[in-house]
Amino acid sequence: AGTCAQESVITRTWTATDECGNSSDCAQTIAVVDDEAPSITCPASVTVNCEDDSSSAGSGSASASDNCDTDVTVTESDSVAAGTCAQESVITRTWTATDDCGNNSDCVQTIAVVDDAAPVISCPADSTVDCSPALGNGDCVINILSAVVSTDPSATGSATATDNCGTPSISFSDSVAAGTCPQEQEITRTWTAMDGCANSSSCNQIINVVDNSAPVITCPASVTVNCEDDSSSA
């Protein structure tokens, strides 16, 4: 036996014999070696989405053949580099084929993991809020921070969003148009969901601030005056 399964040492003994039975020998040594590395073929480099399977089960495996070994061992190792955003990366997968005698060869496959899908956003329903009188002055208050009438999302609802590779952030901005009277307005609230790779999607919610309440009036007390007195409001 040699140093590995495919190697051996043959000692060949040659014998010469004449017609009278006299003979002599000599020995020849034949060393059978395996010093050729397997041939390996990598799967194609691929681009996958961040939610897809980036393992060899999903992106393919290398194949190998050898001149002497019919069952070549194929292994893989990954080196992962950060991509341009949190959900992206570049995987350098090195495949190695090794025969029984320790000869090996490598090839490299690159797997680019990308996130190019925007979140899916759902806006709250459009709403109508009534302008209520502020304390003491009878005017409507429609400031978003007002405790009298609130168009804050806690009162009018918030958007929800999902993403293929994480939890998106949700923000909003308002565009305000005048209503049919000074106390009324139409707010177009644009909700935006953004993932860690800056993919975003938006939807609009309409908030109508209306004034449907009549003023509250309080009369002065009824009085009795003499005919010569001033009966005007003054």
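The values are calculated or read from the model by the stated rules, or taken from the named source; none is laboratory data. Source: prediction; values computed, not measured. Reconstructed Cβ throughout: ideal geometry from the backbone, glycine too, with neighbour counts over all protein chains shown. Surface accessibility is based on the protein's heavy atoms, side chains included, excluding ligands, DNA and RNA. Shrake-Rupley method; radii C 1.70, N 1.55, O 1.52, S 1.80 Å.
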By how many nm would the segment from residue 79 to residue 31 grow when fully extended, if each residue of separation counts as 0.36 nm and the alpha-carbon distance is taken off?
-> 13.3 nm
Gain upon complete extension [residue 130, residue 224; 0.36 nm per residue less C-alpha separation] = 29.8 nm
Counting only heavy atoms of protein chains, what accessible area per residue, in Å², does the range 1-123 have with a probe of 1.4 Å?
-> 60
The range 20-72: equivalent-ellipsoid semi-axes (sqrt of 5 x gyration tensor eigenvalues, Cα, Å) | 54, 8, 6
With springs only between Cα atoms under 10 Å, which of 15, 128, 151 fluctuates most in a Gaussian network model of the chain?
-> 15
Can you give the accessible area of residue 129 in Å² (nearest 10), computed on protein heavy atoms with a 1.4 Å probe?
-> 30
Which percent of the Cα-Cα distances in the range 27-118 go past 22 Å?
-> 42
With a 1.4 Å probe and all protein chains in place, put 14, 191 in order of accessible area, largest first.
-> 14, 191
Theoretical FRET efficiency, 1/(1+(r/R0)^6), r = Cβ-Cβ of residue 232 and residue 180, R0 45 Å, to 0.05 | 0.80
Karplus 3J(HN,Hα) series, Hz, for the range 113-123 with 6.51 cos²θ - 1.76 cosθ + 1.60 (x for Gly, Pro) = 9, 10, 10, 10, 9, 6, x, 9, 10, 10, 7
Please state the relative contact order of the chain as a whole percent: Cα pairs under 8 Å, 6+ residues apart?
-> 15
Around residue 107, what is the net charge, scoring Lys/Arg as +1 and Asp/Glu as -1 over all other residues with Cβ under 13 Å from its Cβ?
-> -1
Express the C-alpha Rg of the chain as a ratio against the empirical globular expectation 2.2 N^0.38 Å, rounded to two decimals.
-> 2.45
Taking every Cα atom in the range 182-221, find the radius of gyration and the maximum pairwise distance Dmax, and write them in Å.
-> 20.0, 69
Taking the chain and counting helices only, DSSP H stretches of n ≥ 4 at -39,500 (n - 2.57) each over all residues, the nearest-500 ellipticity at 222 nm comes to -500 deg cm²/dmol
Accessible area (Å², 1.4 Å probe, nearest 10) - residue 227 = 140
